[in-house]
Amino acid sequence: MFSFPLRFRVSAIAAVLFFVAALVAGGLTLDRQQDLMHRALDTLSWNLYQFDRSVHDLRIKALETTPENVGPLVLAYDITYGRSQLMHQGQTRRFMTELYRDTSWSAKVEQEVVSLEPLMESLDSGEKVFDEEVRRTLLSSLTKLQQATREMLLEHTITVAKLRSDDSRAMLHLYAVVLACIVLIMLAGSALVVLLIREARGHTLKAELLEAQSQALREAVQQAEAASRAKSDFMAMVSHEMRTPLSGVIGMTDLIKDEPLSEEGRHYVESLEASAKGLHTVINDVLDYTRIEAGHMGIEDVPFNLVQMLNQLAQGYRIGSNDKVQFLMRLAPRLPECVKGDEHRLRQVLMNLLDNAFKFTDQGFVMLRVTQVDARGISFVVYDTGCGIGEQDLGHIFEPFQQVDSVMTRRHEGAGLGLAIARRLVQAMGGELLVDSQLGSGSRFWFELPLVSCEEECRAAEEEVHTDLPAPHHVLVVEDNAANRQLMAAMLSRLGQSSELVSSGEQALAVLSERSFDMVFMDLQMSGMDGIETASRWRMQESQDHAQGTTVPMIAVTANILPEHRQASVEAGMDDMISKPFTRKELSRVLQRYPSHVYARLTAGSVLPEVSQEGQCHEREEGEEISAMTLNELRSMMSADALQRMVHDYLAHYPVRLARMRVAIEDGDCKALGEEAKRLNNASATLGCAAIMRAAMKLKRLAADGESAEQLTAEVDELERYEGRVREAWRKAGLLESSRPV
């Protein structure tokens, strides 16, 4: 049912009450005025009538009075005189003056009354005798006075009648006006009510429309949120389904490069690696743009070595440049070495700009120039002598999926997102990416960033960086993809780590309950119990186990790189994340972040003590091929299958390591020889191969001292002789079957 709003009802009632009050007040005022006027008229009429009656009584007394008794006559005159004075004084006189324009008759009557005063005084005092002559004189005067009062009374009666008639007509007109006003007010009130009704209906319609629009907006927001969730889910699915196999391709390619290959085979592997990295770049561009559009792209503000980053970047482009296109870099002399900012995003922007410049430059040069604008600003400029960009296309090159020269871009890879991502990243870092270009002459891209110098912080950070190989860890790998499990195991083995592999969350919980591990690498997207649920359950179990002093670090391994996935892993109890595809270098960085409790005594990457001290440290005999203590620790921590797999992997790569050492000796590269000896030492330390550890460390020390090639070759030959003895020792330990191929 339709209902007026409260304010409309209150306003309408108040208006009606005010209108009625105004009518009542006006009516009361008019009635009071009329009453006062009528009272004044009645008073005047009464006074005139009484005066006329007094004159009449005075005439009667004049006829009846005898000479002996003139007192009543004098008294009657006094009354007449008093009433005459009453008429011509005070409010009665003012009212008569207002009522009658001509009051000469009133003055005449007063004069007649006053003229009788001497006669009456003489009669009262006895000076005169009331005889017939006096009677005739008095009656003559009183007759004239009586005639005047009669005329005055008649004139007053006529005037009052006329006045009342005029008042009646005025009241009729007033009633007509009031009636008209009432009608007009009623019409205005009706119009107001109609307008209020229309306004109320309009407000109701607007409210209904606003409610409908609000509902539509809510539905649109829900649809947008659903679309955003669907987009995120789709990007997560695409990221996982593409990056997971790509991780296997890049990882396996990285491992194949360690195998002995022919020149043609190495060329094929390098081509495969370049193609995989190109695909990785395109996928990263799409995912980066998705994160930027969703507002999830975070910018860091940490110290980093700007000059070192630029030199590393330039070195890669110098190696990749050809005879037709030369890469140049010009750094300002006073450029701060260390600044605060986002090193990764700055490198990404510069690489996008440089890649774009090389893509469209067939001959000439590409140059990167970096200068300091002021104390807080650094300018980056990329020049090229390529085909250039037309003026009509300059406004579109920063739009996503836009490629100006379709003929040229078909010759190169890319999704047309590089410049769009670069501009968004520069804006996020507090700058603006600009461009000017001339068709056929080349282009210039430049931007300025507020990078503050921080030399001391950067030096302190560099001192904390551990660049050597990670210490040995005993790692649990939880991965449902068989190829990725083998890849992870191979990468960990190359880094000198021991590992156990499981394919589901249920198996991971069971193994974690039985044995201790230094770290767990957990794939987030697994069939059945996923990584998030597995981590949550294990953290809950750890919290209930009060006897356990420490918690095992859990590293999320995922192809989903959106912030919500990282947040979900953190909430589940994950300590870190590594994104697929990753390299051994990235895996090594993660391992370096967490200490090793199982192999705390085997510090990989550092110079081990002398041989005599080595035996004291590990309580092993000089001729011991395998440390019994280490073997017992490995058997207590790992399943037999996992340990056997590690041994086979170690022995399978042993000849490859020796071959690389001989190549390094032939090339005279003592640094590469020392690094290879260090890797062999780390891998041997993991499995407790004491004799090989000592020989590898001796070779590393000789390489560092720059010994002759003959002596270095002799040490490698010694390592080769150890292979058979170590293989036999593992076979005696029951971890190497003679029938199983290596």
- Item | Looking only at the stretch 622-661, and only at residues there that are more than 18 Å from Leu492 (Cβ to Cβ) and polar (S, T, N, Q), the one that is modelled with the lowest pLDDT | Ser636
- Task: Mind listing whichever residues of the stretch 121-143 are in contact (Cβ under 8 Å) with a residue 60 or more places away in the chain and in a helix (DSSP H, G or I)?
- Result: Arg135, Leu138, Leu139, Leu142, Thr143
- Item | Yes/no for Ala604 being modelled with pLDDT of 70 or more and not in a helix (DSSP H, G or I) | no
- Query: Could you say which residue among Gly442, Gly418 is small (Gly, Ala, Ser), more than 26 Å from Ile283 (Cα to Cα) and either in contact with an Asp or Glu (Cβ under 9 Å, 6 or more places away or on another chain) or modelled with pLDDT of 85 or more (or both)?
  - Reply: Gly442
- Going by the conditions given, is Val426 farther than 22 Å from Phe365 by Cβ, in a helix (DSSP H, G or I) and at pLDDT below 70? no
- Checked pairs for the stretch 505-524, first among the basic types (Lys, Arg), second surrounded by fewer than 23 Cβ atoms within 10 Å (Cβ to Cβ) and at pLDDT below 90, C-beta under 6 Å and 6 or more apart or across chains, list as Arg515/Met637
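For the stretch 447-455, indicate whether the set of residues that are of a type in the set (Phe, Trp, Tyr) and at pLDDT 85 or above is non-empty.
Yes, some residue in the stretch 447-455 is of a type in the set (Phe, Trp, Tyr) and at pLDDT 85 or above.
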- Message: Six or more apart or on different chains, Cβ atoms under 6 Å: show the pairs whose first residue is in the stretch 543-564 and polar (S, T, N, Q) and modelled with pLDDT of 80 or more and whose second is surrounded by 13 or more Cβ atoms within 10 Å (Cβ to Cβ) and not in a loop (DSSP other than H, G, I, E, B).
- Response: Thr551/Glu542
- Task: Filter the stretch 255-266 for residues that are modelled with pLDDT of 70 or more and assigned to a helix (DSSP H, G or I) and give the result.
- Result: Ile256, Glu263, Glu264, Gly265, Arg266
- Task: Find the strands (runs of 3 or more DSSP E) located wholly in the stretch 310-397 whose residues include 1 or more that are surrounded by fewer than 17 Cβ atoms within 10 Å (Cβ to Cβ) and in the same structural domain as Leu419 (by TED's automatic domain parsing), and list them.
- Result: 325-331, 364-374, 377-384
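Among the listed residues Val160, Val178, which satisfies the condition of being touching a helix residue (DSSP H, G or I) at 6+ places or on another chain (Cβ under 7 Å) and modelled with pLDDT under 80? I'd like the intermediate steps shown before the answer.
Numbers: Val178 fails: touching a helix residue (DSSP H, G or I) at 6+ places or on another chain (Cβ under 7 Å).
Sole residue among the options that is touching a helix residue (DSSP H, G or I) at 6+ places or on another chain (Cβ under 7 Å) and modelled with pLDDT under 80: Val160.
With Glu110, Glu121, Glu117, Glu151 as the choices, which residue is in the same structural domain as Leu75 (by TED's automatic domain parsing), within 20 Å of Gln85 (Cα to Cα), in contact with a helix residue (DSSP H, G or I) (Cβ under 8 Å, 6 or more places away or on another chain) and modelled with pLDDT of 75 or more?
Working: Glu110 fails: modelled with pLDDT of 75 or more; Glu121 fails: in contact with a helix residue (DSSP H, G or I) (Cβ under 8 Å, 6 or more places away or on another chain); Glu151 fails: modelled with pLDDT of 75 or more.
Of Glu110, Glu121, Glu117, Glu151, the one residue that is in the same structural domain as Leu75 (by TED's automatic domain parsing), within 20 Å of Gln85 (Cα to Cα), in contact with a helix residue (DSSP H, G or I) (Cβ under 8 Å, 6 or more places away or on another chain) and modelled with pLDDT of 75 or more is Glu117.
The values are calculated or read from the model by the stated rules, or taken from the named source; none is laboratory data. Values in this document were obtained by computation on a predicted structure and should not be read as measured data. A quick note on method: Cβ atoms are made from the backbone with ideal geometry, for glycine too, and the neighbour counts reach across all protein chains shown.
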